[in-house]
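Enquirer: I have a structure I would like to understand better, so I am pasting it below and will then ask my questions one at a time.
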Amino acid sequence: MSKKTSTIKRLAQFMVASALSIGAAHAAWPEHPVNLLVGAPPGGTTDILARLIAPYLSEELSQQVVVVNRGGASGLIASNQVAKSKPDGYNLLFSTSHMAVFESLYANVPFKPQEDFEPITLMVKTPYVMVSHPSLPVKTAQELIDYAKQNPGKVDYAASSPGGGQHLAWEMFKRRTETDMMYIPYSGTGALMTDLLSGRLVAGIDNVAVLTQYIRRGEFNGLVTTGKNRSPLLPELPTLFEVLGQDKGFEVVGWFGMFAPKGTPQPVVQRMDEALKKVLKNPELSKRLLDLGAEVDGGGPAELAAFLKNETDRWGKVIKEVGVTLQTAP
């Protein structure tokens, strides 16, 4: 055997050994707790769903999955932290539909949503519900439209965070109904609920998972839901299509997906995707999600990537249409 041939053979053996070693390391993932970053403060739908799913994931992965709240900038802070973290599968993002609007809302987003993440799983979707405080003399969406037209600028409302699907849904509602209502920004669901319950804020929008209990107790008047079909949790409430008609009606749902930093090894992405799909089929978890008005999706990496692109294109046009702008990203 020539010296050159011997060197090539040793190099090939080294590469094979290295590949096997790396593969074994990925197969062993996770070897310690996994951080699941949530870009919202405690108490909102995102936090509730993350904390609901995390224990089932912990059991499936045989490692603790720790929910870490990093609220601020409508989820941008948590997203940026994950995008810049080491791509080893130990810092993952429990993302909301905000991921699809960052680049349309901010001038200098410090990451590219479609390029700096590895999509893992599209987990669940949930519709929103618009509500009013009993102090506002309206009990239906049409009554709200009529009142707002008679009292321009006198109805203040809030969504869980600026620029998200909830905020944009109400902005579209105002545009389609030609009404003037005042948007009041809040940092999250927990922050706005105190004012909405007290009547200092007279209208709001959030996931059906959050607001259904208050509607059933009579603390809020449910006005309209934003899904394509009526919500099983609030079947008495019409959709925007029913209220506005097929020509002006529209659908807006919250969605929640799992992302990893770009460059995370595919065996790790595949392992988490498989684990998520398995726990989402768990009968106990499925029932708890259904009780929150959440619809399980379960689309994998390719499906989530395609969905994110479609949502980004869609909401980019909507943001331009309604003229929503936010401050420069941090």
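The values are calculated or read from the model by the stated rules, or taken from the named source; none is laboratory data. Predicted model only: the values in this text are computed from it and were never measured. We place every Cβ from the backbone using ideal geometry, glycine too, and count neighbours over all the protein chains shown. Keep in mind that these areas ignore ligands, DNA and RNA; they rest on the heavy atoms of the full protein, side chains included. Shrake-Rupley method; radii C 1.70, N 1.55, O 1.52, S 1.80 Å.
Enquirer: When the residues of region 218-230 are narrowed to those that are at pLDDT 95 or above and small (G, A, S), which ends up least open to solvent (accessible area, probe 1.4 Å)?
Expert: If we take residues in region 218-230 being at pLDDT 95 or above and small (G, A, S), then G222 is least open to solvent (accessible area, probe 1.4 Å).
Enquirer: Return the residues of region 195-217 that are open to solvent by less than 20 Å² (accessible area, probe 1.4 Å) and polar (S, T, N, Q); say none if nothing qualifies.
Expert: Listed by number, the residues that qualify are N207, T212.
Enquirer: Can you run down the residue pairs with Cβ atoms below 9 Å, 6 or more apart or on separate chains, where the first is in region 269-297 and farther than 21 Å from T212 by Cβ and the partner is of a type in the set (S, T, Y) and modelled with pLDDT under 95?
Expert: Pairs found: L280/S286.
Enquirer: Which residue pairs have Cβ atoms under 7 Å apart, sit 6 or more places apart or on different chains, and have a first residue in region 92-112 that is in contact (Cβ under 8 Å) with a residue 60 or more places away in the chain and a second that is small (G, A, S) and assigned to a strand (DSSP E or B)?
Expert: L92/A260; S95/G257; T96/G254; S97/G254
Enquirer: State the number of residues belonging to region 54-83 that are polar (S, T, N, Q), touching a helix residue (DSSP H, G or I) at 6+ places or on another chain (Cβ under 6 Å) and at pLDDT 95 or above.
Expert: Of the residues in that region, 1 qualify.
Enquirer: Still on this structure, I have one more. For the structure I just gave you, tell me whether R51 is open to solvent by 70 Å² or more (accessible area, probe 1.4 Å), at pLDDT 85 or above, within 21 Å of A159 (Cα to Cα) and in contact with a strand residue (DSSP E or B) (Cβ under 7 Å, 6 or more places away or on another chain). Walk me through it before giving the result.
Expert: Values: open to solvent by 70 Å² or more (accessible area, probe 1.4 Å): yes; at pLDDT 85 or above: yes; within 21 Å of A159 (Cα to Cα): no; in contact with a strand residue (DSSP E or B) (Cβ under 7 Å, 6 or more places away or on another chain): yes.
For R51, the condition - open to solvent by 70 Å² or more (accessible area, probe 1.4 Å), at pLDDT 85 or above, within 21 Å of A159 (Cα to Cα) and in contact with a strand residue (DSSP E or B) (Cβ under 7 Å, 6 or more places away or on another chain) - is not met.
Enquirer: Same structure, new question: Kindly indicate whether L192 is surrounded by 15 or more Cβ atoms within 10 Å (Cβ to Cβ) and in contact with a strand residue (DSSP E or B) (Cβ under 6 Å, 6 or more places away or on another chain).
Expert: Yes; evaluated as a whole, the condition is true for this residue.
Enquirer: Can you tell me which residue within region 288-308, out of those that are part of a helix (DSSP H, G or I) and under 16 Å from V252 (Cα atoms), is most open to solvent (accessible area, probe 1.4 Å)?
Expert: Result: F307.
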